[in-house]
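The values are calculated or read from the model by the stated rules, or taken from the named source; none is laboratory data. This is a predicted model, so every value here is computed, not measured. Don't worry about glycine lacking a Cβ; one is built from the backbone with ideal geometry, like all the others, and counts go over all protein chains shown.
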Amino acid sequence: MAPRCGDGLVNQASEECDDGNTVDDDCCSNTCASAADGIPCGTGDVCSGDQTCQSGMCTPTSGAQALACLVPFSDAIITNFDDGTAAALALGDDTLGDAVSVGRGAWGVAVRPGGEEIWVTARDDNRVTVLDAADHTVRATITVGLLPLGIVFDPTGTRVYVASFNDDRVIVLDAASRAVKSSIRVGNGPSGLALDAAGGRLYVSNYGGNSLSVIDLASERVVKTIKTKKRPLELALDPLRGRLYVTNFTANRVSILGTISDSILATVRVGKRPFGVAVDPGRNRAYVTNAVSDTVSVIDGERCEEAGVIDVGDGPLGIGLDLPAERALVANSNAASLSILDTASNAVTATIPVGKTPVAFGGFVGVRANECPRTPLLCDDANPMTLDSCAAEAGCRFEAYPPAEAAGIGLDFLDTTVREAGVDKLGGTKRAVLLSSLVVNAQNALSEGAGTPKQGLKRADRSVRRFTRVVKKGILRRKMSCDVAAQILDLSRGVHVQLRLARP
């Protein structure tokens, strides 16, 4: 419907047209003609994304636009530990800009959503330095806890989380005021951070405690502590599958965690001293730097195993992905260089000299300027047992179903997933039939009651626990597709938790 001139009322000062709809802003010029397609409109609602004019109507960002705006990377910010500097590599032509002093022990990087600022932790100065993303001048310095390492933003760019290694805390900063708002006690030696915006949780690797802390962002409380292999360090989330990859520095392993059950689903052997990790959800791959082996391991998420090894420079630490160009960038600490990897061929295509002891820990690949409409805030956490919604001011919200109802929903979803997986991915007809029958048994026990409600819950839980054992055995013996097995294992463990909570 084309916009029409109203009776003189206006929705915005810049508009002279009103179609009578007070929900959407109008897309008119000051002469009551339709504005050109692509002109921004809307209220900046984080749930729907910024809107643009399309054929005279204010239209939400399309799926294609949202995807395009997720990956318009233009800069990689390289922190140089021994120089106390950071420098921007322009990914269009791979030219390195001038180094800027950010403080002793430059370590972690986070690019503020919208691309206007770059925040860098200075480990040995106990501070965070805020850089202007356009000219890389220092906008502010903020004193935080002792030995700040990892740093990450929330998706709205209003809150910043910093891992304070020597305080055993995560420091929460207000991005606008640059003030410390609160701190959250976690495990021993917090190092890496990964924010699951869709799940409303922050994952923290506790290097000294051999564990992960799971923080509920709404309450800012640790809701679970998960034991891992030795010395968990860097974290990377696959949001499409709800999986978290964790490097275990002294165990030479990568742990794969499921975000429904918050449990370890599988571990993968890699090279010596795995440090950094980055995930390509589109290809279902993870890339891991091995600091002593001087290699990058390529993990195949379908099989949960190392599918390739790439030789890089001496002492690789941080790694980031330039997804549009199908490249990975690796900071070689001992070689003072950056290796550029072609992720299609798994080959090094260039080596670029940088500063002394580059670290580049965290999300160091980002946008310098983003003219795309804001992408919608995705609040679907892939967990069918929570009711997910989005609020313009508060962001994602999650409402827990009553435990028995949640278990029933989870079992229905599990039943569908098993049926759709196919015999081959489940490791043969016998295992497929067994898994399906166990889910049906649990559903029947839950719906029929099997005597008293408590007896029904116990019977359902027995079937679910047996289901879990069968899947774990299939993963260990490599009889099942690890991708599918990890998905149903994560879900079955989540159902088990709900069944236990539902017992009177």
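Tabulated values for the structure
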{"read-out": "Of all residues making up segment 427-446, the number that are among the hydroxyl-bearing types (Ser, Thr, Tyr) and either surrounded by 15 or more Cβ atoms within 10 Å (Cβ to Cβ) or within 11 Å of Arg459 (Cα to Cα) (or both)", "value": "1"}
{"read-out": "Complete set of residues in segment 295-324 that are touching a residue at least 24 places away in the same chain (Cβ under 8 Å), more than 20 Å from Thr79 (Cα to Cα) and of a type in the set (Gly, Ala, Ser)", "value": "Ser297, Gly301, Gly308"}
{"read-out": "Check on Val144, farther than 23 Å from Thr247 by Cβ, in contact with a His (Cβ under 7 Å, 6 or more places away or on another chain) and in the same structural domain as Asp196 (by TED's automatic domain parsing)", "value": "no"}
{"read-out": "Boolean, Ser492 is of a type in the set (Ser, Thr, Tyr), under 17 Å from Ile256 (Cβ atoms) and part of a helix (DSSP H, G or I)", "value": "yes"}
{"read-out": "Of all residues in segment 447-483 being polar (S, T, N, Q) and surrounded by fewer than 14 Cβ atoms within 10 Å (Cβ to Cβ), the one that is nearest to the chain's Cα centre (by Cα)", "value": "Ser447"}
{"read-out": "Lone qualifier among Gly115, Gly145, Gly105 - being of a type outside the set (A, V, I, L, M) and closer than 16 Å to Asn80 by Cβ", "value": "Gly105"}
{"read-out": "Every residue from segment 132-158 that is touching a residue at least 40 places away in the same chain (Cβ under 8 Å) and part of a strand (DSSP E or B)", "value": "Pro148, Leu149, Gly150, Ile151, Val152, Phe153"}
{"read-out": "Hits in segment 234-284 (condition: buried (at least 20 other Cβ atoms within 10 Å of the Cβ), basic (Lys, Arg) and within 24 Å of Leu323 (Cβ to Cβ))", "value": "Arg243"}
{"read-out": "Any hit, segment 377-398, residues being part of a loop (DSSP other than H, G, I, E, B), at pLDDT 95 or above and either under 30 Å from Gly320 (Cβ atoms) or in the same structural domain as Phe467 (by TED's automatic domain parsing) (or both)", "value": "no"}
{"read-out": "Residue tally, condition in a strand (DSSP E or B) and aliphatic (A, V, I, L, M), over segment 187-218", "value": "8"}
{"read-out": "Pair list, Cβ under 6 Å, 6 or more apart: segment 416-444 residue farther than 30 Å from Gln455 by Cα, other residue surrounded by fewer than 17 Cβ atoms within 10 Å (Cβ to Cβ) and hydroxyl-bearing (Ser, Thr, Tyr)", "value": "Val423/Thr429"}
